[in-house]
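K.L.:
I have a structure here, written as structure tokens, and I will follow up with some questions on it.
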Amino acid sequence: MAAVLAVVASACQDAATASGTALYVTTEFDPLLQLTQFKVSGTVTDGSEGGDAGADGGANKASSIPASLLPETAGRILQSGETFRVLLPDAKEGARVKLVLEGMSGPELAAVGTAEVTVREGYEVDIRVRLEPASEPPDAGTPDAGTPDSGTPDGGTPDAGSSDAGTFCMDCPDGCCRGGFCVPRTFQSCGVGGVDCTVCDGVRANACSALGTCTCGNGPACTGSNVDRCSNGQCRCGNNNACGAGQVCMDGQCRCTPESCPNGCCDGNVCRAGNEQSRCGLGGQACEQCRRECTSQRTCK
């Protein structure tokens, strides 16, 4: 008898919080594949030794995971790290699951991956599937779940292991993922496409753009070493404009240092080329006035 199985899209929730027998699937693939849907299928093999022999004379019973598409309708480019659940309400303790994942790019098959794991009845088990380009055979590798904990359940929350759940939320095109839920794009939760939310720095940015990036005015956030704040939609150093070439913003002032002016010399807090008789030097040191000339090595002669 075939098991009753289902595949459901999942928010990026902690796998340990779900109830019932299930798999919590995390995907990995090259973003350049531009996948738009996953086709999920597989088999569940009863690990018991005393079961009725199947048609091939074997002792184990096998049932299939019906093929399902996630999401049902392609609407965006999927990202590596997407997660979903496979519900296994009829699977027994110790059953072995082989999961097959096909990555679709539009109508075309672009990638394939397989992985195996052992069921823990009443618990959710993490499984990670790496999809490789369809022209190359996928490396199923060694099953990643190992032997399940056979200890007596203590009623506590099962160990979720090192799941990366919490990085992505599916079906979240206009928001980002926080605490397992899709939240609207704001300054405090910046991001789109279901990626992990970013809290914009209130000193160096003043908005979250429609692209899900922190910005200052109409430009990017003020992250360069020549600025230290976003003020009225402009990147500035203290109360002044952004520092010029060869300068670094320190304590709200533009300064010339050996790090900011490595190929010239510092004339006060201005970085000079260091190849003039009146301003000769290198490595961000103080410029010298030469008595005769400044050599090509930018030393006085």
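The values are calculated or read from the model by the stated rules, or taken from the named source; none is laboratory data. No experiment lies behind these values; they were computed from the predicted model shown. Counting neighbours? That spans all protein chains shown, and the Cβs are built from the backbone with ideal geometry, glycine included.
K.L.:
Looking only at strands (runs of 3 or more DSSP E) that fall completely inside the stretch 181-240, which ones have 2 or more residues that are more than 30 Å from Ala74 (Cβ to Cβ) and of a type outside the set (S, T, N, Q)?
P.N.:
Filter on the stretch 181-240 gives 229-231, 234-237.
K.L.:
With Ser260, Ser278 as the choices, which residue is surrounded by 13 or more Cβ atoms within 10 Å (Cβ to Cβ) and in a loop (DSSP other than H, G, I, E, B)?
P.N.:
Sole residue among the options that is surrounded by 13 or more Cβ atoms within 10 Å (Cβ to Cβ) and in a loop (DSSP other than H, G, I, E, B): Ser260.
K.L.:
Can you find, within the stretch 12-54, the residue that is farthest from the chain's Cα centre (by Cα) among those that are at pLDDT below 80 and surrounded by 21 or more Cβ atoms within 10 Å (Cβ to Cβ)?
P.N.:
That would be Ala15.
K.L.:
How about the stretch 86-113: which of its residues are among the β-branched types (Val, Ile, Thr), under 26 Å from the mean Cα position of the chain (by Cα) and within 17 Å of Pro66 (Cβ to Cβ)? Let's see the steps before the verdict.
P.N.:
If we filter the stretch 86-113 for residues that are among the β-branched types (Val, Ile, Thr), which is where we start, we get 86, 97, 100, 112.
Checking the rest, the ones that are also under 26 Å from the mean Cα position of the chain (by Cα) come to 86, 100, 112.
The answer is Val86, Val100.
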